[in-house]
Amino acid sequence: MTERPSAASALARADSAHQKIESHEELCAERYRAINDTLGELKSGATWQNRWLLGLLIALVGWMGVQLWNGRNDEIKAPVHASAGR
């Protein structure tokens, strides 16, 4: 004949399960904090890279503008020698 579980053994099993769940929740909370910290670092790194790329783009557009301005000024200042040779 099998013995029926007593209330004391059921309570002991429930306490054991509760302790395991609590330790699991603590472990998960620690992992989530680590993930959140890592995501924060990645976000700040991405923000820095975006600002750097925007600065590079502005500098490139500025450089191109100067090149166009200087080329246009050279065309305006250059004497017309093509028609003098004929």
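Computed from backbone phi, the HN-Hα couplings of the stretch 18-23 come to 5, 5, 5, 5, 4, 5 Hz, rounded to whole numbers (Karplus: 6.51 cos²θ - 1.76 cosθ + 1.60, θ = phi - 60°; Gly and Pro given as x).
Looking at the calculated P(r) for the stretch 1-46, what percent of the C-alpha pair distances fall above 12 Å?
Working: 752 of 1035 pairs.
More than 12 Å apart: 73 percent of the Cα pairs in the stretch 1-46.
In the chain, the alpha-carbon atoms span a convex hull of 133 Å³ per residue.
Within a 10 angstrom radius of the beta carbon, how do Lys20, Lys77 rank from fewest other beta carbons to most?
Details: Lys20 10, Lys77 7.
Ranked by crowding around the Cβ, least crowded first: Lys77, Lys20.
Every number here is computed from the coordinates shown, using simple stated rules; none is lab data. Remember, predicted model here, so these are calculated numbers, not experimental data. Ideal geometry is used to build each Cβ from the backbone, glycine not excepted, and the neighbour counts take in all protein chains shown.
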